[in-house]
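Engineer: Pasting in a structure now, in structure tokens, and then I'll have a few things to ask.
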Amino acid sequence: MGGAVTTRSTSQGVLGRDERRQPLVARRWHLRDTPVAWLFLLPVLILFGIAVVFPLFDTIRLSFYDIKGLAPPKYVGLGNYTRLFSDPAFLHTLGTTLTFTIGVTVIAVSVGWVVAMLCAFAPRQTLPFRVMIFSAFGISEAVTGYMWITMLRPGADGLVNALIRSLGFPDFAQPWLGDPNTAIWALIVAAGWAATGLPLMLCFAAVQAIPKSVLEAAYMDGAKPVSIMLHIMAPLSLPGVRVAVFITLLNALRAFDIIYVLTGGGPVRSTETVGYFMYRESMTQFKLGYGAAATVILLVAVLIVSIPAVIQRTAGAR
Amino acid sequence: MTGRAPRWIIVLVGVIAFVWIVPIIGVVVTSFRPPSEVVLGWWRLDNLTFTLSAWTRIWDAYPLADAFWTTLQLATLATLATMILTPAAAYAFHFLKFRGRRLLLILIINAFVLPQQVVIIPLFQLWRELGLIDSFLAVLIPYVGLSFAWSIFLVKNFLEDFPKELIEASRIDGCTPISTFRHVVLPNILAPIFALGILQFLWTWNALLLPLLYLRSDVPLPVLFARIAGTYDLNWDLRSVAAIITTIVPLLVFLVFQRQFAAGAQSRTGAKE
Amino acid sequence: MTALTGTAIVRRRTLLAGAAAAMLLAFAPHTAAVAQDVSGELVIMQWQGGVDAEVWKKLEDAFMAKYPDVKVRELVVTGQGDMRGPMRTALLGGETVDIIINTWPAFRAELVDAGVLRAIDEQWDANNWGDLLSQSWRDLGSYNGATYGVNYTYGDRSGIWYKPAHLEKAGAAVPTTWDEFIASFDKLKAAGYPVPVAIGAKYWSHTEWFETILLRTAGVETAAKLAAHEIPWTDPAVKTALKKYAEMLQAGCCGSAEAMFANDWDGAADQLFKADQSNYQMIGMWVNARARNDYGLTEGVDYSLFQFPALGMGFDDTSSVDSKEVSGTTNGANPAAADAFMAFMISKEAADILASYGFASPSSVADTSLLGPAQKVATAAVGSSKVQFVLGDLLPGDLVDEYRVQLQKFLQDPSDANIDAVTAAIEAKAAESY
């Protein structure tokens, strides 16, 4: 058994070569699949339908109205969308969002993945360390956000600046959260720090799923840990990595609390992401229609990116 | 577990972990010191006094036991539901062929983009019509419904590396899809199932927005603690205590569940190497 | 199952409002009597936390002691940042309450236009609430000629906090004129304080200076016109105020813009009260509680307050204030109890409870001797001023955000050219917000 090695070569799509060669019993699975599939999926679809599809339709409907607070909504057709695309604040958030989400995902997944692989060599001994890193992920973002603020304070009260000074680089100490050029990076570090627990856990699960026989063989051959990590663990833990990237990326897209606490979207809107923009428009200013339009645009953008990916990967299901 | 645990690895991970935990140490310290000492930084050593004042104030002012129980119920139910429903759904998406498979999958996965704010108002109106406000269902349904966006993706990803030969073999043996699922697939995807259990428990335990609006009489911990801070009195010592209290149980769940994949899920039923 | 659309909700509410109004009219002769028969449940929408929530619990307990047949229930809403979002969510979802606590006049206008609040002119006149609250407080709670809110607490937003020890060390007296104020910066810097004025420009507290300067340079009416967009933001009055603000910045008051952006009002307060790096902060009265509780300082001894210095441009008897009011709803189940509660909030009992927590009450029976020394200075100053509500709470939602961000840009570059750019940008946003 090839362990985690996939054997996707059998899939050829509908009526491909292999399907014609399959025994009768297997082919009959196809016909019987649909009712079973729906049995497995029905509860999921019902819950999903209520919790997601129904509000989604409402959101799409709202996006065609101009809603200011509690005033009666006014139908504006595509007005919100045209305004969004000519709103410099919104357009600016697109670039910031890209930087933020990619930055956070890169930090969280690379650290999480590497540490997960390292931990795989000594799962029991490293358990407390994994708990520590995961606690950063689990604990309230508002409170840890405040801790980051205190650490990043300008002047003598900031821990980071105090450290930098004591290391002999007084010019390097600056108001990290106050300077529009550095604020986004400080935010990415803090958000990445918090997000790392998830990739760590998922990649660790993925690495642990690698059959021990494969690892044993490598050890017998005298491979060093680093080489084992690079050549065996890394490629074989990709499922965990993929999911970690997906969840971290999308969490970063929707991030609000950490941005609000650290920078409030500023200074001068330099750290405002699409998620923050959506929240600000919808909840704070209660321009539900405008916020809904931004949500729809975001959804469409993510759809465009993900459809090819999903099609490519579901092609290999048989 | 190869029995060979290079020292430098443990030390390296340890160093990373201790650096990582600095802000958390800040939270703990802030909960044990009077606010006037930590205002300029919790690491300050000029006036070092430790006090349990914040802890006793929280204990006295808030009905912690009830909130704990409510939170436990909500998180447990939501987690069990997701852990039970997701693997079957992921299996169906990955191994079964049926109409609308791709469309459905795309729809479900992309729903993850939706922020919670989009969901609350329409659902609020719906629950009021149905008289479900203040019932657990009002939060459980969205908890579980929203979780599928990422949970199905998670399990499906682990299924992609699942050896097809086992499925083929069981089909040839005449097993139905259901029994294939039960006997062949399920035992081997315990790792991702418990991983998603950890995540769902954490997120539903910490959930604030939905229970805030939908629950009135029995509220979970985050809702209880939401009003510690006033508009202008920030009460970081109390909030630190609240954060610590709230985080303990999900960390315990993490500890317990991760055994399922830390032990090394090398047992795969079916064909030998 | 169809979701209720916004219009459907408003229609339903207007219907209910109409019904409620009809009922009130039918019982009009009886509402004049101060309620002996006040009973049942009173639902209050509560969005406050921390010490505000505490003081409210005390007020509610005192009210229930006075009216034993009434049971007060709080409908708690909360969120991150601006609380109006959660309040609107609750209202749109169909929650009914009797009393709404409000601190934003713009929100009051929005609620009235949506048919949520009911006018209380009848009760005011019939029960002589005018004996307790002056006409100017009644005006502050009015909209379009009708009264909706009973102001029960207020705060001075034109006061500057300082530490006497700092000024002593620098050999400066408490400034009473603008020129003295500016001149004190050099003295303070010479005495070793790097940043005389602490401004936390992360969210909104940098706008405090602009707002009081606007009042002092152009008067209350001009500020009111600006808030209603009867004059544009590019008006010379606004630019003059910003130029005065620039004067302060260019005199080296506040350090770099980046340092200002890094802090919210609490970080700035830390610099003044704890780190002794700054000497002045203009911020609302809530910092008093922070100074006592979080910093462990003594009011009047370690720190105090002086009212904004005189600019000598003819409007020095003006002050910016914030206040909280209670309003009754059109569809609440218990308007009689709501009226009694509103009356209670300006009674001596309520004023004393508020004072015990350091909150000032505008009620004429409030005992100002219960307030601390700094509070007394503020109360006296406001008492002798023409007051205007904080501009930021008068503006419509999306304009406020733009206003704050543009003022951040102003802080980065207080030149005349940038003032033109900044005001033009705010005006562009204002054009589409009203």
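Engineer: Show the residues, 5+ positions off or on another chain, whose built amide H is closer than 5 Å to the amide H of residue C:310.
Structural biologist: Residues meeting the amide H criterion: C:177, C:178.
Engineer: Enumerate the amide H contacts of residue C:360 below 5 Å, restricted to partners 5 or more residues apart or on another chain; note that Pro and chain-start residues carry no placed amide H.
Structural biologist: Sorted by chain and number, the residues that satisfy this are C:154.
Engineer: Here's another thing I want to ask about it. Taking Rh as the Kirkwood radius computed over C-alpha pairs, what is the Stokes-Einstein D of the range B:1-79 at 10 °C in a medium of viscosity 1.306 mPa s, expressed in µm² per second?
Structural biologist: 97 µm²/s
Engineer: Separate question: Please list, in order along the range C:159-176, the HN-Hα scalar couplings obtained from phi with the Karplus expression 6.51 cos²θ - 1.76 cosθ + 1.60 (θ = phi - 60°), rounded to whole Hz, x for Gly and Pro.
Structural biologist: x, 10, 8, 7, 10, x, 4, 4, 5, 4, 4, 8, x, 10, 8, 4, x, 10
Engineer: Let me ask something else. Compute the normalised compactness of the range B:149-267: alpha-carbon radius of gyration over 2.2 N^0.38 Å, N being the residue count.
Structural biologist: Here the answer is 1.53, to two decimals.
Engineer: Okay, next question. How would the range C:286-434 be classified by its alpha-carbon gyration tensor: rounded, prolate or oblate, with rounded meaning a/c under 1.5 and the a/b versus b/c comparison settling the rest?
Structural biologist: Verdict is oblate for the range C:286-434.
Engineer: Just to confirm my numbers, what's the Cα centroid distance between the range B:218-263 and the range C:130-147 in Å?
Structural biologist: What the calculation gives is 45 Å, centre to centre.
Engineer: I would also like to ask the following. Mind checking which of A:294, A:115, A:262 is farthest towards the positive end of the range A:88-314's charge dipole, using Cβ charges of +1 (Lys, Arg) and -1 (Asp, Glu) about the Cα centre?
Structural biologist: A:115
Engineer: Return the aspartates and glutamates within reach of residue A:68: Cα separation strictly under 18 angstrom, same-chain partners fewer than 8 residues apart disregarded; answer none if there are no such residues.
Structural biologist: A:58, A:87, A:281, C:82, C:110, C:113, C:393, C:398, C:401, C:402, C:432
Engineer: For chain A, what does the relative contact order come out to in percent, with C-alpha contacts under 8 Å and a separation of six or more?
Structural biologist: 29 percent
Engineer: Now, a different point. Just want to confirm a number: the relative contact order over chain B, from Cα pairs under 8 angstrom separated by 6+ residues, in percent.
Structural biologist: Contact order relative to length: 30 percent.
Engineer: Would you list, by chain and number, the lysines whose Cα falls below 21 Å from the Cα of residue C:409, excluding same-chain residues fewer than 8 positions away?
Structural biologist: Straight-line reach from residue C:409, under 21 Å: C:202, C:239, C:243, C:244, C:429.
Engineer: For the range B:148-201 and the range B:42-58, compute the distance between their C-alpha centroids and round to whole Å.
Structural biologist: First find each Cα centre; the distance between them is then 50 Å.
Engineer: Along the Cα→Cβ direction, 7 angstrom out, place labels at residue A:221 and residue B:169. What is the inter-label distance in nm?
Structural biologist: So the label points at residue A:221 and residue B:169 sit 2.5 nm apart.
Engineer: Please check which bits of the range B:76-104 a label hung off residue B:132 would reach, taking the label as a point 7 Å along Cα-to-C-beta and the cut-off as backbone N under 17 Å.
Structural biologist: Answer for the range B:76-104: B:77-79, B:81-82.
Engineer: Enumerate the whole-percent occupancy of each 20 Å bin, from 0 to the last occupied one, for all C-alpha pair distances of chain C.
Structural biologist: 25, 55, 20, 1
Engineer: Further, regarding this structure: Among C:101, B:208, A:219, whose Cα sits farthest toward the positive end of the charge dipole of the protein assembly as shown (+1 at Cβ of Lys/Arg, -1 at Cβ of Asp/Glu, about the Cα centre)?
Structural biologist: A:219
Engineer: Let me ask something else about it. Give the relative contact order (percent, whole number) for chain C; include only Cα pairs under 8 Å separated by 6+ residues.
Structural biologist: 25 percent
Engineer: Any chance you could check the Cα centroid distance between the range B:70-114 and the range A:86-137 for me, in angstrom?
Structural biologist: The range B:70-114 and the range A:86-137 have Cα centres spaced 24 Å from each other.
Engineer: Per residue of the protein assembly as shown, what 222 nm ellipticity follows from adding -39500 (n - 2.57) for every DSSP H run with n ≥ 4, rounded to the nearest 500?
Structural biologist: Counting only the DSSP helices, I get -18500 deg cm²/dmol.
Engineer: Compute the FRET efficiency between residue A:94 and residue C:413 as 1/(1 + (r/R0)^6), taking r as their Cβ-Cβ distance and R0 = 35 Å, and round to the nearest 0.05.
Structural biologist: Efficiency computed from Cβ-Cβ geometry: 0.85.
Engineer: Two decimals is fine: what's Rg over Rh for the range B:122-212, C-alpha atoms, Kirkwood radius as Rh?
Structural biologist: Result for the range B:122-212 is an Rg/Rh of 1.15.
Engineer: Largest first and in whole Å, what are the equivalent-ellipsoid semi-axes of the protein assembly as shown based on the Cα gyration tensor, each being the root of 5 times an eigenvalue?
Structural biologist: 54, 35, 26
Engineer: Here is a further query. Taking the Cα atoms of the range C:62-216, what is the range of coordinates along each of the three principal axes, in descending order and whole Å?
Structural biologist: 62, 38, 35
Engineer: Would you kindly work out the equivalent ellipsoid of chain B from its C-alpha gyration tensor and give its semi-axes, the square roots of five times the eigenvalues, largest first in whole Å?
Structural biologist: After scaling each eigenvalue by five and taking roots: 41, 28, 14 Å.
Engineer: Measure of size requested: the Rg and Dmax of the range C:137-220, with Cα atoms as the atom set and Å as the unit; please supply both.
Structural biologist: In Å, with Rg to one decimal and Dmax whole: 17.5, 54.
Engineer: When the convex hull of the Cα atoms of chain A is projected onto a plane and the area is averaged over all directions, what value comes out in nm²?
Structural biologist: Averaging across all directions leaves 23.4 nm² for the Cα convex hull.
Engineer: Mean-square fluctuation check for chain C, GNM, Cα pairs under 10 Å: which of C:125, C:264, C:339 is largest?
Structural biologist: C:125
Engineer: Under a straight-distance cross-link criterion of Cα-Cα below 20 Å, which lysines are reachable from residue C:66, leaving out those fewer than 8 residues away in the same chain?
Structural biologist: Result set, ordered by chain and number: C:57, C:58, C:348.
Engineer: What FRET efficiency comes out for residue C:179 versus residue B:248 if R0 is 45 angstrom and r is the Cβ-Cβ distance? Round to the nearest 0.05.
Structural biologist: Step by step, r from the Cβ atoms, then E = 0.15.
Every number here is computed from the coordinates shown, using simple stated rules; none is lab data. Bear in mind the structure is a predicted one, so any value in this text is a computation, not a measurement. No Cβ is skipped: glycine too gets one built from the backbone with ideal geometry, and neighbour counts run over all protein chains shown.
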